[in-house]
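The values are calculated or read from the model by the stated rules, or taken from the named source; none is laboratory data. Keep in mind the model is a prediction, meaning the values are calculated, not measured. Every residue, glycine as well, gets a Cβ built from its backbone with ideal geometry; the counts of neighbours run over all protein chains shown. SASA here: full protein model, heavy atoms, side chains in, ligands and nucleic acids out. Shrake-Rupley method; radii C 1.70, N 1.55, O 1.52, S 1.80 Å.
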Amino acid sequence: QTALNEAVANPACLVLSGSVGDPLASQVATLSRQGSLNIAHAAPWLQNASFELDNNTFPIFAARQEQIAHALNTLSVMGIKVLGAVYASAREHAAYHVEVERIAASMQLQLQSFQGNNDLRLLGQKLTAATPAVLLFVGGTPELAGFTQGLEKQARQRYLVALADVNLQTLLQMGAARNTPVIATQPVPMVNSALPVVRQYRETLARLFDEAPTPLSLAGFIAARYTFEVMAAIDGPLTRQTVLAGFQQRASLNLGGFRIAFNARRRSGSYVTQSMLALDGRLIG
């Protein structure tokens, strides 16, 4: 709240771009909807598909519903009828269980829910043979790493489906157990894609930072590109009002292969890819 107040109080700040993390993006979007903010909120990391948007918020990434549907469609050849949902803590359960239950019902899946507290490793150890083989994990990378370590001694093979807040490269570095395949969805192209926007991202990353490409930083790059392109198309002086008006036109854009086109629900973003962290530690796109 302090940081947001400072940004809004600064007349040189014309737009909020790419709020990091779904909880933060949701808080900013809620304040905007309540009329507390009069500033464009471009490309927020807003994963909740049922969030009621105002006319100042412009999501361009696929929401949780599209990510889950994409991942489960890939696994549908296994004849899945029952899905487990693992929430990292009471906070994640309170924030997301209604939406996850709605998505599961829309896909005609039975849902079993599990909630972690302080020790995700212990939760993984407590699962029984009756627990579903496919588990949707709702939480962050450190929590998922602990959960996989708890699954390590389980006899039954399971598949974990993680969403876009999980970084598979970091998961490996944190010592995740490798006997459980992890499938992670992302609302951006693969980082080794030949799309022009991804090539530009890799070139920029290599020039400015000593770090490997990841889907999350690619999303940040795309958010910045989207913000720049909209602002560059505005005629006349850039003010908070003219920038907001520019975003409210919701023009369709092609950012080097990443297409942005808003629907009737004021969202863009059906682009979903996924990677699997295989048993041997390889990332498979």
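In the condition set (1) open to solvent by less than 70 Å² (accessible area, probe 1.4 Å); (2) closer than 22 Å to ALA104 by Cα, TYR226 is compliant with all but (2).
Applying the criterion of being part of a loop (DSSP other than H, G, I, E, B) and β-branched (Val, Ile, Thr) to the residues of the stretch 170-193, the residue that is most open to solvent (accessible area, probe 1.4 Å) is VAL191.
Within the stretch 132-154, the residues that satisfy the criterion of being in contact with a helix residue (DSSP H, G or I) (Cβ under 9 Å, 6 or more places away or on another chain), in a loop (DSSP other than H, G, I, E, B) and closer than 18 Å to LEU83 by Cβ are ALA133, GLY139, GLN154. Sub-7 Å Cβ pairs linking a first residue in the stretch 153-164 that is modelled with pLDDT of 85 or more and open to solvent by 60 Å² or more (accessible area, probe 1.4 Å) to a second residue that is assigned to a strand (DSSP E or B) and among the aliphatic types (A, V, I, L, M), at least 6 apart or interchain, are TYR159/VAL134; TYR159/ILE183, ordered by first then second residue. The set of residues in the stretch 186-243 that are of a type in the set (Ser, Thr, Tyr) and modelled with pLDDT of 95 or more comprises TYR201, THR204, TYR226, THR227, THR239, THR242.
Residue-by-condition table, conditions (1) open to solvent by 10 Å² or more (accessible area, probe 1.4 Å); (2) in a loop (DSSP other than H, G, I, E, B); (3) touching a Gly at 6+ places or on another chain (Cβ under 9 Å):
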site	(1), (2), (3)
LEU46	no, yes, no
ALA49	no, yes, no
GLU52	yes, yes, no
PHE61	no, yes, yes
ALA69	yes, no, no
ALA94	yes, no, no
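For the stretch 96-127, filtered to residues that are out of contact with any strand residue (DSSP E or B) (no Cβ under 8 Å at 6 or more places or on another chain) and in a loop (DSSP other than H, G, I, E, B), the residue that is surrounded by the most Cβ atoms within 10 Å (Cβ to Cβ) is MET107.
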